[in-house]
Amino acid sequence: MQEEPRIEELRRTLHDHNYRYYVLAAPTIGDREFDALLSELVLLESARPDLFDPNSPTQRVGGGFTEQFEKVPHSSPMLSLANSYSSEEVQEWADRIHRESAGATSFTCELKYDGVAIALQYEGRKLARALTRGDGTVGEDITKNVRTIRTIPLSLPADAPEQLEVRGEIILPFAAFDALNAKKKEKGEKLFANPRNTAAGTLKLQDSGEVAKRGLDCFLYDVQLQTAEKWGVQGHSDGVRAAQGWGFKTPLVLGRAFEVAKDVEEVMAFLAHWDAERHALPFAIDGVVLKVDRHDQRKTLGSTAKAPRWALAFKFETEQGLTRLNHIAYQIGRTGAVTPVAHLEPVPIAGTTVQKASLHNADQIALLDIREGDMVRVEKGGEIIPKVVGVVLEERPPDSVPLVYATQCPDCHTPLVRAEEEARHYCPNASGCPEQIKGRIQHFASRRAMNIDGLGSEGVEQLWSAGLIRDVADLYQLQESALLTLDRMGEKRAGNLLSGIEASKQVPFERVLFGLGIRHVGETVAKKLARHFGALEALKEATAEALLELDVVGPVIAEAVVDWLGSEDNSKRVESLRASGLQFSVAEVEQEAVSQVLANKSFVVSGVFTVPRDELKRLVEQHGGRLLGGVSGKTDFLLAGEKMGPAKREKAERLNVTVLSEAEFRTLLAP
């Protein structure tokens, strides 16, 4: 039994050294000595499996797989914040706070980290649960992955509360992001887009061992205590200072990253400082969060259904970069649509190096008079997608000439066409343009269509280059012997690919129809067509007039469906897929209706939710509602998740369409 006290002693010692190294950046022992202590603990724990502790320092490296992430209700809602983009709006907010609060009001000012919100729950001073924000009411339990983040304490000191919840932001520092992309580039893989999305994706990985390698970090921004006064926590700043002493990484370690302002003038000074200095930080921020400090004043101010009235997020203006546009290339999508792409001299914007930016179409190029060789202003729309927003005409070379837009497909050299009512040019050579065909195969294999695992853009390119596929139907003729001749294609990878292809034969008709890639036919339209007509044979016989009877089908979609199904090449493709065993009719078993609470109500579902989007669509239909493909005057509700485009929300508000969160939608379904 001598191992038990030594194990406990080592765990306490290693937790303390972790805190000093990763939070305070002030280690008191060297790496070799730390590793020796950790190795001793590993040996002792292996000898005493009965003393296993999921919060032991040895669990930081992760390991094992998570089959799924359980949905868990939050102890209290994780509300969004109201946004502000101007000093005038900040002044108005502060004035209202002063009018409605009793006594003098001070404000906490802290950075708005561009990461992933997390709720950390401690029981018996041990990390018990880590939940994502989800819809604000229900989150996902990602505790196993969060335990690998070294700046999150797994156990708290004896002077900390027994029960505690803290909320913070998990981020991916620029250095860790660059290191990950360097490895991706070395392997010839597609690079990660930005640190925030990479952090979010990392936290959803099934292998916690891989999470441990990514270099995630975490800053605390809120402390929740049932008996706050007992711990001397009268306000937000008290909580942050207390948490620092309990082992959490807080903005206090960054100097001016956390301040208490006694008036608006001090708030404005904080905003001005970080608007200028944010680029020097080792991680991304997109603004500053302002909060009323005192808890009693917060209670007086209260909250709306979506946001606390005592807090405000000040967003910095979208960051722009100035760089040279070297040349314009043209990309061909699976439908033949042409997208002009600006190839730029590398320029750092919002934490990433931008080398390419979309130019949208010929009209946009003409509107801005964009030319090769121009100095251009580039920004990241929504801090994610780079786009060219202007030209510095004063620096235009004297020999500059207007751009002549492409007249031929860059891949198959077919003359491009453009319909009068459309902004984009198209390559009409659908059956012979390699880029279109490869794009259609990628779409066919995608998760929302046939869900063939391991067949992304790189996999399709490899099979295409080897001459093994020239059409989606060729996937079902692949043989293991041929696959094993390819580079980096071992027996396991080949077996997984063939298993995925075989499993896709059970995918229901509506997803097969979506996977065929008929222009303008998205998931919702494909589902409606499949359920209305029941089988592809009936759909082929339908006229444009018959198609228009469906509420999700307009003249453009009807014409596209009739044209696609009338093509001889497409008929041959379908027959080959049918012979391979794919589903081209709706299964006999239909889901029973649960209720008619949504009867005669139409929904558009958009964004990212705590459950797959298809599950929410299924709930709409089970309760009598109708699904639409886009927001229009016929839409009753827009069910909005995270990352939904702002244009869709703006259109809904303009048309007086009710916008629902996932939690509000579920309330509608409650009996």
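The values are calculated or read from the model by the stated rules, or taken from the named source; none is laboratory data. Quick caveat, the model's predicted, so the values are computed rather than measured. Cβ: placed from backbone, ideal geometry, glycine included. Neighbour counts: every protein chain shown.
Could you say whether any residue in the range 20-28 is touching a His at 6+ places or on another chain (Cβ under 9 Å), part of a helix (DSSP H, G or I), modelled with pLDDT under 75 and of a type in the set (F, W, Y)? Scanning the range 20-28, I find no residue that is touching a His at 6+ places or on another chain (Cβ under 9 Å), part of a helix (DSSP H, G or I), modelled with pLDDT under 75 and of a type in the set (F, W, Y), so the answer is no.
When residues in the range 149-192 are screened for being among the basic types (K, R), part of a helix (DSSP H, G or I) and touching a Lys or Arg at 6+ places or on another chain (Cβ under 9 Å), 1 of them pass.
Comparison of T300, T318 shows that the only residue that is within 25 Å of the chain's Cα centre (by Cα) and not in a strand (DSSP E or B) is T318. Taking every residue in the range 497-524 that is in contact (Cβ under 8 Å) with a residue 60 or more places away in the chain and farther than 21 Å from R618 by Cβ and pairing it with any residue that is of a type outside the set (D, E, K, R) and surrounded by 18 or more Cβ atoms within 10 Å (Cβ to Cβ), at least 6 positions away or on another chain, the pairs with Cβ-Cβ distances below 6 Å are K505/L582; G517/H443; R519/T335; R519/A560. Of the listed requirements (1) more than 26 Å from N181 (Cβ to Cβ); (2) under 31 Å from the mean Cα position of the chain (by Cα); (3) of a type outside the set (V, I, T); (4) surrounded by 14 or more Cβ atoms within 10 Å (Cβ to Cβ), P410 misses just one: (2). Here V574, V604 are screened, and the one residue that is buried (at least 16 other Cβ atoms within 10 Å of the Cβ), touching a Gly at 6+ places or on another chain (Cβ under 7 Å) and not in a loop (DSSP other than H, G, I, E, B) is V604. Going through (1) more than 19 Å from I332 (Cβ to Cβ); (2) acidic (D, E); (3) in contact (Cβ under 8 Å) with a residue 12 or more places away in the chain one by one, E435 falls short only on (1). If a residue must be surrounded by fewer than 18 Cβ atoms within 10 Å (Cβ to Cβ) and closer than 18 Å to D563 by Cβ, how many such residues does the range 415-435 contain? Matching residues across the range 415-435 total 9. The residue that is nearest to E394 (Cα to Cα), among those in the range 332-376 that are surrounded by 17 or more Cβ atoms within 10 Å (Cβ to Cβ) and among the basic types (K, R), is R371. Of the residues examined, A494 is not one that is out of contact with any Cys (no Cβ under 9 Å at 6 or more places or on another chain), within 30 Å of K617 (Cβ to Cβ) and either surrounded by fewer than 18 Cβ atoms within 10 Å (Cβ to Cβ) or in contact (Cβ under 8 Å) with a residue 12 or more places away in the chain (or both).
What are the residues in the range 202-233 that are part of a loop (DSSP other than H, G, I, E, B) and at pLDDT 90 or above, if any? Can you show your working first?
Going residue by residue through the range 202-233, those that are part of a loop (DSSP other than H, G, I, E, B) are 204-206, 214-216, 225-227, 232-233.
R214, G215, L216, listed by residue number.
Scanning the range 401-409 finds one or more residues that are part of a strand (DSSP E or B) and not small (G, A, S). Looking only at residues of the range 275-285 that are out of contact with any strand residue (DSSP E or B) (no Cβ under 6 Å at 6 or more places or on another chain) and over 16 Å from E89 (Cβ atoms), we find that the one that is surrounded by the most Cβ atoms within 10 Å (Cβ to Cβ) is A284.
When only residues in the range 175-189 that are in contact (Cβ under 8 Å) with a residue 24 or more places away in the chain and more than 16 Å from the chain's Cα centre (by Cα) count, which is farthest from K249 (Cα to Cα)? If you could, list the steps in order and put the result at the bottom.
First, pick out the residues of the range 175-189 that are in contact (Cβ under 8 Å) with a residue 24 or more places away in the chain: 175-177, 179-180, 188-189.
Remaining after also requiring more than 16 Å from the chain's Cα centre (by Cα): 175-176, 179-180, 188-189.
On the way: A175: 18, A176: 18, A179: 23, L180: 23, G188: 36, E189: 34 Å.
Among those that are in contact (Cβ under 8 Å) with a residue 24 or more places away in the chain and more than 16 Å from the chain's Cα centre (by Cα), it is G188.
Residues of the range 253-270 that are modelled with pLDDT of 90 or more and in contact with a helix residue (DSSP H, G or I) (Cβ under 7 Å, 6 or more places away or on another chain): A257, F258, E259, V260, A261, V264, V267, M268. Restricting the first member to the range 196-225 and to residues that are within 30 Å of D293 (Cα to Cα) and outside the structural domain of E110 (by TED's automatic domain parsing), and the second to residues that are modelled with pLDDT under 90 and surrounded by 17 or more Cβ atoms within 10 Å (Cβ to Cβ), no beta-carbon pair is closer than 7 Å while six or more apart or on different chains. If the condition is being part of a helix (DSSP H, G or I), surrounded by fewer than 16 Cβ atoms within 10 Å (Cβ to Cβ) and not hydrophobic (A, V, I, L, M, F, W, C), then the range 647-671 contributes E650, E653, R654, R666, T667. If I ask for residues that are touching a residue at least 24 places away in the same chain (Cβ under 8 Å) and not in a helix (DSSP H, G or I), which ones from the range 463-488 would you list? I469, R470, D471, L486, D487 - these are the residues of the range 463-488 that are touching a residue at least 24 places away in the same chain (Cβ under 8 Å) and not in a helix (DSSP H, G or I).
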